[in-house]
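The values are calculated or read from the model by the stated rules, or taken from the named source; none is laboratory data. If you're wondering where the values come from, they're calculated on a predicted model, not measured in any experiment. Cβ placement follows ideal geometry from the backbone for every residue including glycine, while neighbour counts extend to all protein chains displayed.
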Amino acid sequence: MIWVLIETRHHLNQAICLAEMKPETKFIFIYTKPSNDSNVSKKLENVKNYLPNEHIGKGFFIAKYKSHGCIEFLSKFQKPEELVTFYDTHYLFLIIKSYFKIPWSKVALIDDGMANTIKLSMPSFLNRLIKFVINYFLRGFEIPMSRYSLGNNKKILKAYTIFPLNYSSHEKLNKVDLSYDFYESALCTKKNKTDFRGFKGQIILIPPLISVRGKGFNELKIFLGKLIKAVDKENKVFIKTHPREGKITQEYVVDFFSKNFFKSELLPNNNSIEFYFEEFSSFSVIGPPSTSLLIATNYYKDKLIKPIICVEDKTNPYSRQHMQSIANINSIKIFK
């Protein structure tokens, strides 16, 4: 039995890879928030799903309360041989690990993308120290106190990844390469019936400034103003906003390109970026440091019209580190 925490479509694609690699093993996919993608994994006979009614594992003081339904569901099954998480500091993961007394030796990571390319502490060590002290006195769940997170947390000895060459880790971490199987399951999250086969053009990736980072449209305008300098006006622009961004943000971005005399089209948000990379006959990619850039250069290099252009996103505190981590990849050009 393996339990896998899932928050994004990227996590789901890899979880499906893992379940298909181990058809004799029973899996539980634990979604940390409501998701329409859960039906994708239902077709796998060895997978059961836990799908919450709200975003759980978010909010330090209420995470334990919000996780009651999840704990009750998981208690019906045998303890896992392995607990797989995308963050080693995610509250739901820590609550599950603590409640079922799962040792670090049975914990593994699943690739979260760009976050795994650099050595970081997330949240900060001081942030975790304060929460560690609070939970110590309240007898709450364990807060990890390793200096670094993810692949550089020395208590974690295994990670499943589709980017083994870009993965930052301590020397004893066992990296299990999912890349061969990832290609086969990457299109599992296709939701839109629009046919993009044979399309050509520039795919523009927009970061989640509004929905995730809480920034305003002024910051978005500043970013777009820098990004647009790297875009070719002679070729059609296909805009892909972050899955969490809503209709207002999408309309703002399309309007921005239109006012600057670009011929553009909005790519439906309910498809993963892999779907468009697969459908287009050839394309170029322009955007901030992101998992999408790694997917394009690792899996679709033969379709690239020209090197990927990476534009700094100053609303992301790790943007500069991410850019440094991918600067040596030949198919990626840093735009300054």
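Pairing each residue of the stretch 52-68 that is free of Cβ contacts under 8 Å to residues at least 60 places away in the same chain with any residue that is among the polar types (S, T, N, Q) and buried (at least 19 other Cβ atoms within 10 Å of the Cβ), provided the two are 6+ apart or on different chains, yields C-beta distances under 7 Å for HIS55/THR32; ILE56/THR32; ILE56/SER67; GLY57/THR32; GLY57/SER67. Filtering the stretch 319-336 to residues that are closer than 25 Å to GLY216 by Cβ and outside any loop (DSSP other than H, G, I, E, B) leaves SER319, ARG320, GLN321, HIS322, MET323, PHE335. For the stretch 118-142, which positions are surrounded by fewer than 15 Cβ atoms within 10 Å (Cβ to Cβ), modelled with pLDDT of 80 or more and within 28 Å of the chain's Cα centre (by Cα)? Within the stretch 118-142, LEU126, LEU129, ILE130, GLU142 meet the criteria. Summed over the stretch 49-99, the residues that are more than 11 Å from PHE141 (Cβ to Cβ) and either of a type in the set (Phe, Trp, Tyr) or not assigned by TED's automatic domain parsing to the domain that holds LYS22 (or both) give a count of 7.
Looking only at residues of the stretch 93-117 that are farther than 23 Å from GLU72 by Cα and charged (D, E, K, R), we find that the one that is surrounded by the fewest Cβ atoms within 10 Å (Cβ to Cβ) is ASP112. Scanning the stretch 143-173 for residues that are over 18 Å from the mean Cα position of the chain (by Cα), modelled with pLDDT of 90 or more and of a type in the set (A, V, I, L, M, F, W, C) yields ILE156, LEU157, LEU173. The condition of being among the hydroxyl-bearing types (Ser, Thr, Tyr), closer than 25 Å to ALA115 by Cα and out of contact with any strand residue (DSSP E or B) (no Cβ under 7 Å at 6 or more places or on another chain) holds for only one of SER290, SER211, that being SER211. Tell me, yes or no, whether the stretch 77-92 has at least one residue that is part of a loop (DSSP other than H, G, I, E, B), among the charged types (D, E, K, R) and surrounded by 15 or more Cβ atoms within 10 Å (Cβ to Cβ). Within the stretch 77-92, one or more residues are part of a loop (DSSP other than H, G, I, E, B), among the charged types (D, E, K, R) and surrounded by 15 or more Cβ atoms within 10 Å (Cβ to Cβ).
In the stretch 303-318 there is no residue matching the filter, namely being buried (at least 19 other Cβ atoms within 10 Å of the Cβ), part of a helix (DSSP H, G or I) and in the same structural domain as PHE217 (by TED's automatic domain parsing).
Taking the numbered list (1) out of contact with any Phe, Trp or Tyr (no Cβ under 8 Å at 6 or more places or on another chain); (2) modelled with pLDDT of 95 or more; (3) over 29 Å from LEU120 (Cα atoms) in turn, PHE73 passes all entries but (1).
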